[in-house]
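One structure is given below, encoded as structure tokens.
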Amino acid sequence: MTIEVNGAKVTGLTESNEITALSGNKEVVRVEAFKGIKFADGERFQHSSLVKVDGSTDIDATEFGYICPQLGETGEAQAEDCLNLNIWRPAGTEANAELPVYVFIHGGSFESGSGSTELNRGDTIVAQSISDYEAGDRSEPFIAVSVNYRLGLLGSLWVDGKENPKGGNYGIGDQKRALEWINDYISEFGGDAGNVTVYGESAGAMSIGILQEDKDVAGQDYQRAIMQSNPYGIAYKNYASAQSIWNDVKVAVTGSEDTADKNVQDLLADMSLEEVKGLQQNLKGNLLSYLIESKPSTSGFLPFAPYIEKKAFGPAGHHLTKQPLSNTDFNVETVIGFNTDESNLFTSMFEPLLYANIKNKDGEFVLGGDVVLQEDFIIEGVIELPKGTSVRELLEHEAIGGMYGILVKAFFGGIPKVSESIPGNCDVISFAAGLCKGQQLFSKVSDYKPELGSGYSLEMSTANIRTARMLANDMLFTCPSRKVVQNNVATSTTMYHYEHESQFNFWPFDAMPLASLSCQNLDGLKGKACHAAELPFVFGKAINGAGQPVLTNAKDNQVMAAMSREWFKDTLFTDNEWESGSDNYLKIGGEGNIFESAANFGADDSAIGARCDDLEAKGLLDF
């Protein structure tokens, strides 16, 4: 199947997609796919430039392109020539049909992910929109687009803002080029350039939060936004902290911080891709120091995320000039939300230690030094360590290895003069979550007070883990998102809370055992509403985070059928707008109606609104 776009012949594929129609019957729907279309050129550590479509070059869009380089095995071919996008549209769509357009920006901590991974493909949702339109449930079907952008060290690296006014946030620039390309050419695929919605999850949502700052993009290249699980409570590195990482690069490449920037840049340009990836892997070994030294403090969680290009006296900045939490004014209609158990993925790194009975020779509960386990420590199938094992051995166990091990070491022994004992200057749960703001956080906010005694019983440990999860969720996701919405009451804004517990666990045990355990319901049969758990339900695909097929139950099927449709309707923006003073939100997937718009944070049994107000009043939501 070939179409003409600005004089160029673009060849795509016609694919058959089996979906479940609104009637409940299986139905095969034809969708046209254009894959791997190059939208920009991006030389290493240079900002990308738009690739224009004209009659001089035809485009083969029958296969997905390379994904952007990232650590680990992905199953998809990687290369630096990765700035491509994918388009799905109803079969037979004519040019200038003016169909709505939805553009997905993937997540992955700014280190991983792609627009072509199976879960992020738009084939199913477009097929459903065709079926629903024909059944009279939609006024028109829509077009879906997914994009790649540069990641890791290649996606964000400090440069001198005086010499390079555009800064070093290359991945954000790539996203802008993709939206510019879509704005220029989507009409020839049948899309309406004046009706574009961007949506993204995690780092993708963070990206949209950054894009909201640019009025040349927000309101111009897209008109609406959906941010799924934007951790507004995690700050971006300031200019100096980003420069500190650049100094680490200089030392790794040349052995000295004193080497001229230009010389190091030339050396980086000449490295092989594998050498650059090896350099990034080595930098991840500095994560402990980033957690301790990065400013603001939480920015160390994501060392390869974009950085604030502006400083008080110096460069003005280009892509990211201020912290979005307190300073972003939405320029378009926006939907923003979080999941009930969002932070379990992050607290999982230290939860095993809250189950361990850890004492020193005097019977005190302490962290570091000659601390040993006072009893066998077993998490079946994950960790089996005998009494007398040192904490160091526990931390170095392969089940808590890699990034999680580094973080646990930082939280539980790498930062001196912060926590000598339990209780201490900073209680273990808040300390482990990296959320201490001064002394005795728990004395400031009583909702998060842990149970402390002469020893940790199983019941006490379980209760404290629940408290730690609630605290992390409130401070990283829930309350910061609510604060952003409250700051944007002048703009049409909707807040949602996703709370569906599914038959399957989004995080598979074989890939991330601790995360999988922390996202598993207590009965072991359901997956909590953890970080990213809503993605299968948005895209209408019964697969987990590793791309593996999963079994669903009747409630899963109901939520999936509803969410993968409602997410792509105008009513998502118009029927659930935030009302100043009402604290209302859209509840998704809980008991009762799958989409319940009458929920209220202040009236909720968990008193989310009250906890958030308390945190903010005590200054605990400020960077």
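The values are calculated or read from the model by the stated rules, or taken from the named source; none is laboratory data. Model, not experiment: these values are computed from the prediction. Every residue, glycine as well, gets a Cβ built from its backbone with ideal geometry; the counts of neighbours run over all protein chains shown. Each accessible area value is taken on the protein alone, full model and side chains, heavy atoms only, with ligands, DNA and RNA left out. Shrake-Rupley method; radii C 1.70, N 1.55, O 1.52, S 1.80 Å.
Structure summary
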item	result
Condition check for Gly581: within 22 Å of the chain's Cα centre (by Cα) and either closer than 21 Å to Gln128 by Cα or of a type outside the set (A, V, I, L, M, F, W, C) (or both)	no
Among (1) part of a loop (DSSP other than H, G, I, E, B); (2) within 23 Å of the chain's Cα centre (by Cα); (3) buried (at least 19 other Cβ atoms within 10 Å of the Cβ) - the single one Gly161 does not satisfy	(2)
Filtered residue count, the range 581-623, keeping only those that are part of a loop (DSSP other than H, G, I, E, B) and either open to solvent by 30 Å² or more (accessible area, probe 1.4 Å) or not acidic (Asp, Glu) (or both)	21
Helices (runs of 4 or more DSSP H) (entirely within the range 451-547) containing at least 2 residues that are modelled with pLDDT of 90 or more and not basic (Lys, Arg)	479-486, 535-539
Test: residue in the range 565-580 that is farther than 24 Å from Cys479 by Cα and surrounded by fewer than 16 Cβ atoms within 10 Å (Cβ to Cβ)	yes
Answer from Ser23, Ser16 - the residue that is open to solvent by 30 Å² or more (accessible area, probe 1.4 Å) and assigned to a loop (DSSP other than H, G, I, E, B)	Ser23
Test: residue in the range 201-218 that is surrounded by fewer than 21 Cβ atoms within 10 Å (Cβ to Cβ) and either of a type in the set (Ser, Thr, Tyr) or without any contact (Cβ under 8 Å) to a residue 24 or more places away in the chain (or both)	yes
In the range 115-149, the residues that are in contact with a His (Cβ under 7 Å, 6 or more places away or on another chain) and open to solvent by 10 Å² or more (accessible area, probe 1.4 Å)	Asn120
